[in-house]
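Every number in this text was worked out from the coordinates using simple rules, so none of it is lab data. In this text the structure is predicted, and so the values were computed from the model without any measurement. Positions of Cβ are backbone-derived with ideal geometry, glycine not excepted, and every protein chain shown enters the neighbour counts.
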């Protein structure tokens with residue numbers, strides 16, 4: 001394992017944390033240039049990488065590592081908008097995951113995230129490393145028209161009373177960037193996305209996706225009536241559910257519920273959707289991530305007559321959440337992430 005941070009205190013804290021685990025051989029680097037060199041010389045099986053460093057910053061180092069010797073990387077990011085945007089760039093360059101460092105003293109900050117950091121590093125060792133996403137532009141909306149109608153699977157009739165629910169965790173931002181930009185501006189159903197992400201990251205992520213997509217993409221930070229052609233990103237640090245207000249389906253953020261392990265909770269959202277939509281008019285998509293959040297509710301959606309998609313092992317950064325859905329018999333189809341948008345459009349738009 002390679003730990004990269006320009007703070008000597010942080011390097012010591014991180015080293016002590018992983019040495020206590022008992023199964024990590026650790027090497028340290030003080031900046032991005034040393035990280036690039038150690039990636040070749042030491043050949044670690046996982047790297048923790050700070051973003052803001054002298055000599056060579058984390059993003060530059062990450063790009064070099066992915067070009068010279070790809071390795072699973074977990075980024076350490078600040079809880080700021082600038083830190084969030086840099087993190088999304090790191091994920092597009094091939095980083096597996098990130099941990100947001102809370103404010104305060106280094107030792108207290110590390111205590112707050114140590115369990116999560118260890119879990120994410122262990123998961124990263126087994127993760128699929130994605131190729132960098134190359135974009136010629138961020139702005140400029142894609143075409144308005146719906147996607148082609150061909151599919152080997154049965155099509156679902158369009159309806160004004162339908163909804164798409166997407167659950168995703170580790171590896172989610174880059175995976176969603178493969179899917180949502182392919183959907184048309186006139187997509188007839190609302191889309192609600194639950195991405196496990198800190199509160200300060202979901203608004204920058206929604207804004208980023210809004211620039212990439214023909215769809216309108218917003219953070220669900222307040223009660224909002226669900227509208228077609230709009231994707232709602234559940235606010236981090238909260239849970240979201242669908243309710244009816246004045247006869248209109250509405251997304252409602254609420255404080256995190258202790259009943260659920262992960263937040264925003266895919267399971268809570270999906271259960272609330274089942275309360276207000278006919279199952280035949282629900283399309284649920286389970287993407288990359290650790291754990292089993294939403295697997296039970298999504299399986300129930302399929303059992304009651306809804307449609308579900310599980311991302312395949314071949315494309316998932318972490319196959320945990322899709323695998324849990326599949327193991328419950330809850331996947332109507334299992335697809336590579338690059339084929340999911342087309343299937344969504346076939347089932348909903350045609």
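Arrange the peptides 182-189, 65-72, 292-299, 232-239 so that the one whose residues have, on average, the most other Cβ atoms within 10 Å appears first.
292-299, 232-239, 182-189, 65-72
Sorting 245, 12, 174 on the 10 Å Cβ count, fewest up front, what's the list?
Least crowded to most crowded, the residues run 245, 12, 174.
Please determine, in degrees from 0 to 90 and to the nearest 10, the orientation of helix 81-93 with respect to the longest principal axis defined by the Cα atoms of the chain, where the helix direction is its Cα long axis.
Helix 81-93 sits roughly 90 degrees off the main axis of the chain.
Restricting attention to the alpha-carbon atoms of segment 163-349, what are Rg (one decimal) and Dmax (integer), both in Å?
14.4, 44
Tell me the mean residue ellipticity at 222 nm calculated for the chain from its helices only (DSSP H runs of n ≥ 4, each -39500 (n - 2.57), averaged over every residue, nearest 500).
Using -39500 (n - 2.57) per qualifying helix, the result is -11500 deg cm²/dmol.
Helix 266-276 versus the longest principal axis of the chain: what angle, 0 to 90°, nearest 10, using Cα atoms?
Its long axis makes an angle of about 10 degrees.
So what is the relative contact order of the chain, in percent, for Cα pairs below 8 Å that sit 6 or more residues apart?
14 percent
I'd like the per residue volume of the convex hull spanned by the Cα atoms of the chain, given in cubic angstrom.
Convex hull volume per residue, Cα atoms: 131 Å³.
What do you get for the angle between helix 8-19 and the principal long axis of the chain? Use alpha-carbon atoms, 0 to 90 degrees, nearest ten.
Value to nearest ten degrees: 70.
On a C-alpha basis, how far is the centre of segment 306-332 from the centre of segment 193-260 in Å? Whole number, if you could?
Centre-to-centre (Cα) distance: 22 Å.
Take the alpha-carbon centre of segment 268-284, take the same for segment 46-96, and report the distance between them in whole Å.
Cα centroid of segment 268-284 versus Cα centroid of segment 46-96: 37 Å apart.
Which whole number in µm²/s is D for segment 2-125 by Stokes-Einstein, with the Kirkwood Rh taken over Cα pairs at 25 °C and 0.890 mPa s?
Roughly 174 µm²/s, to the nearest whole number.
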